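What follows draws every value from the coordinates through simple rules; no lab data is involved. Just so we're clear, the structure is a prediction, and the values are computed from it rather than from any experiment. Cβ: placed from backbone, ideal geometry, glycine included. Neighbour counts: every protein chain shown.
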Amino acid sequence: MRQAVLLGNPDTKRTEYLRQAAARAAVPVLFVDWADYTGWIDNMEDNPGGGYFLKIDPPLWKSYALGELDGLVSGYRGRLEELERAAQRHPIEFLNTPLSIGQLLDKRECKARLSAFGLPVTEMLQGRKGRTAGKLLEEMKEQGVCQVFIKPVNGSGAAGVSAFRWQPRTGQMALYTCALERPDTGFVNTKCLRRFSKPAEVVSLLDKLLNLDCVVERWYAKAEYQGYSYDLRAVMQEERMDFLLARLSKGPITNLHLNNHPLEAAALGLSKTVLEEVERVCRKAMDCFPGLRSAGIDILLEKGSLRPRIIEMNAQGDLIYQDIYNHNVIYSHQAEMMKRWMETGNGMR
């Protein structure tokens, strides 16, 4: 007998709203807690003519320490590899394969792959390994760049994401970041955006950030709407854009974890041409990662031209509050995939 499975965390919105969508589609879904996943793998039964359709939700991490990001993500990669090996022994079909999830976990690897396929992205600064604040300033001066985004290679939810602006002629600096050094807990993600402008303070924070292993990207001027700058979060599933959300902010960082303003993209009044180009770019991005059926894609529209550039992708970026509290389109589509697989043995359209 075929079985749809959700590997995730109890009592979360991801779990609850997928369950609701599955119930409406009359799809029974087995829930497996991350705390028990090895036991589930060990006790998995081979089912001739059956098998499993598995959706992997991200584990929950309680730590706010930025220095622990690499270790947490490394542990998660190990779990994904275990699931990949389990699929060699048992008939498992994945919503998103562990390999594709892992490829998108690494911002540097993901962006390099997109660039190699000719997709427009927010470009990474060419630089040397082991950057310090001093080396970053040298690179920015050499490349004629005065403002950049700095992001830990690992992590999501604005963890450690910072925006840095520098005027070489005057020496003026501004750093916008949620990262903060605390005497009791060390270098942490506070989920509260702060602005620093004293050079000594900025340089000290930059050194700590860059020590995490970060990507450094050009800071492009974003499109604006009613005095806010914005970018877009698209949720793509099976070649279809299921949701498009604008993230509006008065500052340079638009992540909704920072209490910025969500707005359905239809309210922006974007032309059909721009929207079609955004969807085309998103489709091509999905094609770069075989094994990826569902992803959240962050898109920047350049100020003036509205040319789309991919900021980053998230193989588990499907939780959109504006969707689950309305029509729950995204998880309903996932329930449809599960139902199709249970009826035909093929989850693809």
Quick one: if the Förster radius is 30 Å, what FRET efficiency do Arg165 and Ser271 give, using the C-beta to C-beta distance and rounding to 0.05? 0.45
Per-residue ³J(HN,Hα) for segment 78-92, Karplus 6.51 cos²θ - 1.76 cosθ + 1.60, θ = phi - 60°, Hz, x for Gly and Pro: x, 5, 4, 5, 4, 5, 5, 5, 4, 6, 7, 9, 10, x, 10
Any idea what the dipole of the chain comes to, in debye rounded to 20, about its Cα centre with Lys/Arg Cβ at +1 and Asp/Glu Cβ at -1? 1100 debye
So, with points 7 Å from each Cα along the Cβ direction, the Asp11-Arg108 label distance in nm works out to 3.9 nm
What angle, in degrees between 0 and 90 and rounded to the nearest 10, separates the Cα long axis of helix 13-24 from the longest principal axis of the Cα atoms of the chain? 40 degrees
FRET E, pair Arg194, Arg24, Förster distance 41 Å, beta-carbon r, rounded to 0.05: 0.40
When the helices in the chain are scored as -39500 (n - 2.57) per DSSP H run of 4 or longer and the sum is shared across all residues, what 222 nm value do you end up with, to the nearest 500 deg cm²/dmol? -10000 deg cm²/dmol
Estimate the FRET efficiency between Ser204 and Ala116 by the formula 1/(1 + (r/R0)^6), using the beta-carbon distance for r and 45 Å for R0, to the nearest 0.05. 0.80
Tell me the label-point distance for the pair Tyr321, Trp40, using the 7 Å Cα-to-Cβ offset, in nm and rounded to one decimal. 2.7 nm
Which loop-located trypsin sites (Lys or Arg not before Pro) does segment 57-145 contain, where loop means any DSSP state but H, G, I, E or B and the Cβ has at most 14 other Cβ atoms within 10 Å? Lys62, Arg128, Lys129
Furthest towards positive pole of dipole, Trp61, Tyr325, Tyr228, structure part the chain, Cβ charges: Tyr228
Compute the length gained on full extension between Gln88 and Ser305: take 0.36 nm times their separation in residues and subtract their Cα-Cα distance, giving the result in nm to one decimal. 73.4 nm
List the lysines whose Cα sits under 25 Å from the Cα of Lys303, skipping any in the same chain fewer than 8 residues away. Lys107, Lys111, Lys141, Lys151, Lys222, Lys250, Lys272, Lys284
Testing the spin-label approximation: label points 7 Å from Cα along Cα→Cβ at Lys284 and Thr185. State their distance in nm. 4.2 nm
For semi-axes √(5λ) of the Cα gyration tensor in Å, pick the label among (1) 32, 25, 20; (2) 40, 27, 16; (3) 37, 23, 18 that corresponds to the value derived from the coordinates. (3)
